[in-house]
Amino acid sequence: MSKHHIQREFNSRDLEKYSSAFTLSDMEIFIFPELLYALVYANIMSPEIWKWRDDPWFAGIEKMGPLKKVHRVKQYIMEHYDFNLDLETWGLTDKQTEINRFRDFIDMDTLARSNALFGYEGDKYYFDLDIRKHFGLDKFDTEIIPYWKTETVEAMNAFRFKPDHQNGAGECVSLACLYVAALFIVARVPLEDIYMMGTPLHSQNFVLIDEGVITNNRRIVTKSMWYNGTELSALARRAMEHEQVTIVAHPSGYIHSVYPEATIDKVSYKRFRDKLSKYLETQVNFEIFVNFLRDYSRYQKLFQIAFFCQGTNKFIKLERAFGYEHGSKNRLGDKTGRKLLCEMDEEEMNLTAYPTRLIVTFDDGIFNTRPYQDFLNALLEKYPSLKDNHEFTIDLKKFVHLVPQLPSDNKTYIQGRHLLAPIVHSSGVLVSASPNTISPSSSREEIINLISSMRDNNPTADLAFYAGRFMDSCDWKPFLKAVFERSPVSVAHFKEQSLDEIYAELKSWPDESIYEGNRLALPDEVVNYKRGDGIEKAVTMMNSIKSRHKDDVHLQVSGTLVKVKGPGFSHEFVTAKTLEVHI
């Protein structure tokens with residue numbers, strides 16, 4: 001071990017958790033929820049997102065309003081990152097292996113009800129197809145599950161080195177963590193105003209700006225967008241509409257639907273619940289009602305729209321009216337709706353009403369803006385036939401007033417372990433924060449020093465250095481456990497090659513780490529991106545050798561020279577890192 005490394009005693013539970021900080025699979029984050037914010041802090045400590053501040057795209061951002069700043073960050077992420085969720089990038093594992101790992105941490109029946117990889121399928125509406133077919137798992141034995149790993153910002157950026165990738169990329173949790181760090185560093189949004197939400201199948205953030213903003217993969221959804229009825233908004237709504245929110249993570253801590261203890265600040269959690277509830281409820285007018293019918297298209301056949309055109313009333317089936325939105329800049333429910341109707345072909349219009357359809361008009365008094373329950377009462381009074389259509393009523397209520405399935409606040413709150421402990425009035429207004437608050441006005445160096453100072457008393461702060469691969473301040477045991485137990489892609493890549501062939505291929509790749517300083521990539525990152533520092537290549541080779549049940553393997557670093565040797569072989573690499581290691 002290097003003289004710079006921290007050497008500590010890990011019990012089996014902590015060793016599993018700390019090794020998970022390196023691989024960061026969706027399963028590991030579900031079991032160890034403090035890992036979610038550990039990755040956020042790792043990304044904030046990384047130099048990568050701080051470089052965005054110098055990009056011309058963000059010139060003058062400090063003069064923009066809060067919501068415009070968020071849009072600016074969104075557009076940058078849209079242009080530089082793709083969504084990626086495949087089975088090849090991080091490889092496969094199996095249910096029994098994961099059960100054996102985590103049986104001491106969680107009840108397996110609870111796991112099956114809560115995690116997508118162990119039988120959970122969400123509401124049947126969420127997927128039209130069997131979930132295994134949806135993710136491409138149907139070609140494998142039912143016990144096989146993917147290692148969906150949450151990428152650091154470095155691993156996301158490095159996707160551009162993979163064939164057929166021009167941009168960075170990452171899965172939904174990676175993009176959620178990227179958004180938190182980017183909003184903090186570039187848009188200067190205080191961390192205490194950002195809440196992370198994880199469901200069994202998705203990850204989103206809720207940002208307390210304006211009426212609220214939800215980040216959804218690469219996009220953002222404002223409150224007005226949430227209710228616009230478009231396909232993109234419907235995709236963003238699905239997780240909230242159909243799934244239990246498993247984890248809410250915040251700088252003050254986390255709350256988990258399964259665990260009886262919570263570390264999040266209780267008042268901060270109430271603030272989140274109150275703000276999200278307001279975001280998920282809207283008053284109803286003609287535009288909102290039409291947006292509902294745009295989203296729930298199966299109900300369009302119940303209605304026709306009547307409008308005055310060329311001196312007479314005309315009628316058109318609602319689904320035909322919506323059809324004209326395609327290719328037009330006008331939309332049916334807003335102020336351009338009349339223009340859209342006047343664009344329609346005469347043969348689409350009737351001079352008499354369709355007898356089996358309910359008539360809606362722009363100017364009907366029931367569409368005066370009002371609370372959703374008042375609107376619903378007026379709608380059912382005007383159209384009594386809808387009273388028997390219970391699905392319609394349920395769906396309309398859900399569209400205009402969604403009640404999210406959040407973790408119960410009936411928890412045992414563990415205080416005093418927070419990196420950030422905001423002080424909030426009962427009204428939900430942030431008054432001040434603890435001296436340990438990470439501020440958007442702080443420099444990267446100040447933030448690293450502050451997080452470092454909290455490591456002894458705050459597990460999330462300590463895990464952040466492991467998630468960020470700061471190997472000159474971390475014990476190597478968790479790193480090596482992750483390397484030797486959870487690197488399926490690199491093992492499979494070299495499976496048929498001799499040691500000399502492995503060495504030759506590794507030597508042919510650029511001697512370039514995706515991590516700056518004394519931070520290290522895992523073997524699967526080295527193989528995926530076909531590059532690595534000499535230490536990273538040596539660890540990758542060592543892992544391939546060990547996978548063949550050869551235990552007498554040594555790795556030693558001396559200056560710039562790295563040696564991997566054992567009975568009958570010795571290979572050398574060159575390192576630019578300053579880690580003195582003997583494994």
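The values are calculated or read from the model by the stated rules, or taken from the named source; none is laboratory data. All of these numbers come straight from a predicted model, not from anything done at the bench. All Cβ positions, glycine included, derive from the backbone under ideal geometry; neighbour counts span all protein chains shown.
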### Message
So for region 84-97 (the condition being out of contact with any helix residue (DSSP H, G or I) (no Cβ under 6 Å at 6 or more places or on another chain) and either free of Cβ contacts under 8 Å to residues at least 12 places away in the same chain or not assigned by TED's automatic domain parsing to the domain that holds I31 (or both)), does at least one residue qualify?
### Response
yes
### Tally of residues being surrounded by fewer than 20 Cβ atoms within 10 Å (Cβ to Cβ) and among the hydroxyl-bearing types (S, T, Y) across region 234-252
0
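Here's the yes/no breakdown for (1) in contact (Cβ under 8 Å) with a residue 40 or more places away in the chain; (2) not assigned by TED's automatic domain parsing to the domain that holds V258:
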residue	(1), (2)
L358	yes, yes
R370	yes, yes
I394	no, yes
N410	no, no
### Enumeration of residues in region 293-348 that are within 16 Å of F367 (Cβ to Cβ), part of a loop (DSSP other than H, G, I, E, B) and at pLDDT 90 or above
none
### Query
Quick one: is F399 touching a Phe, Trp or Tyr at 6+ places or on another chain (Cβ under 9 Å) and under 30 Å from I264 (Cβ atoms)?
yes
#### Entry: Qualifying residues in region 286-336 (those that are of a type in the set (D, E) and under 19 Å from W226 (Cα atoms)) - the one surrounded by the fewest Cβ atoms within 10 Å (Cβ to Cβ)
D334
### Message
Residues that are within 23 Å of F465 (Cβ to Cβ): list the strands (runs of 3 or more DSSP E) wholly contained in region 502-583 that include at least 2 such residues.
### Response
554-558
## Note on the structure
Exactly one of V489, V564, V526 is in contact with a Ser or Thr (Cβ under 8 Å, 6 or more places away or on another chain) and surrounded by fewer than 23 Cβ atoms within 10 Å (Cβ to Cβ), and that one is V489
### Query
Would region 275-282 turn up any residue that is farther than 25 Å from N377 by Cβ, surrounded by 22 or more Cβ atoms within 10 Å (Cβ to Cβ) and touching a Phe, Trp or Tyr at 6+ places or on another chain (Cβ under 9 Å)?
yes
### Task
Identify the residue in region 35-55 that is in a helix (DSSP H, G or I) and over 17 Å from S174 (Cβ atoms) and, among all such residues, is nearest to the chain's Cα centre (by Cα).
W50
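For region 475-505, give me each residue that is basic (K, R) and over 20 Å from W90 (Cβ atoms).
K477
From F484, F470, F465, F494, grab the single residue that is under 28 Å from the mean Cα position of the chain (by Cα) and farther than 30 Å from Q415 by Cα.
Testing whether each residue is under 28 Å from the mean Cα position of the chain (by Cα) and farther than 30 Å from Q415 by Cα leaves just F484.
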### Task
Name every residue in region 151-199 that is among the hydroxyl-bearing types (S, T, Y) and modelled with pLDDT of 95 or more, in order of residue number.
T152, S174, Y179, Y195
### Task
Working only within region 341-391, note down all residues that are small (G, A, S) and under 19 Å from N291 (Cβ atoms).
A378
### Task
Sort out which residues of region 353-372 are among the charged types (D, E, K, R) and outside any strand (DSSP E or B), and write them in order of number.
R357, D363, D364
### Summary
Of D475, D552, D456, the only residue that is in the same structural domain as N84 (by TED's automatic domain parsing) and surrounded by fewer than 24 Cβ atoms within 10 Å (Cβ to Cβ) is D456
### Task
Out of S473, S547, S513, S508, report the one residue that is modelled with pLDDT of 95 or more and either among the aliphatic types (A, V, I, L, M) or within 26 Å of Y18 (Cα to Cα) (or both).
S513
### Message
Being surrounded by 19 or more Cβ atoms within 10 Å (Cβ to Cβ), over 36 Å from the mean Cα position of the chain (by Cα) and within 28 Å of A236 (Cβ to Cβ): is that true of F367 here?
### Response
yes
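Could you say which residue among I220, I209, I255 is at pLDDT 90 or above and surrounded by fewer than 24 Cβ atoms within 10 Å (Cβ to Cβ)? Even if it seems obvious, please write down each step before you answer.
Numbers: I220 fails: surrounded by fewer than 24 Cβ atoms within 10 Å (Cβ to Cβ); I255 fails: surrounded by fewer than 24 Cβ atoms within 10 Å (Cβ to Cβ).
Selected residue: I209, the only one of I220, I209, I255 that is at pLDDT 90 or above and surrounded by fewer than 24 Cβ atoms within 10 Å (Cβ to Cβ).
So in region 224-277, with the set limited to residues that are among the aromatic types (F, W, Y) and under 17 Å from I194 (Cβ atoms), which one is nearest to the chain's Cα centre (by Cα)?
Once the filter is applied, the top-ranked residue is Y254.
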#### Entry: Pair list, Cβ < 7 Å and 6+ apart or interchain, from region 1-14 residues that are more than 12 Å from S473 (Cβ to Cβ) and of a type in the set (K, R) to residues that are exposed (fewer than 11 other Cβ atoms within 10 Å of the Cβ) and modelled with pLDDT of 75 or more
R13/D104
### Pairs with Cβ under 8 Å, 6+ apart, first in region 275-290 and in contact (Cβ under 8 Å) with a residue 12 or more places away in the chain, second of a type in the set (S, T, N, Q)
Q283/T369; V284/T369; N285/N368; N285/T369; I288/T282
### Summary
How many residues of region 56-84 are surrounded by 17 or more Cβ atoms within 10 Å (Cβ to Cβ) and assigned to a loop (DSSP other than H, G, I, E, B)? The answer is 1
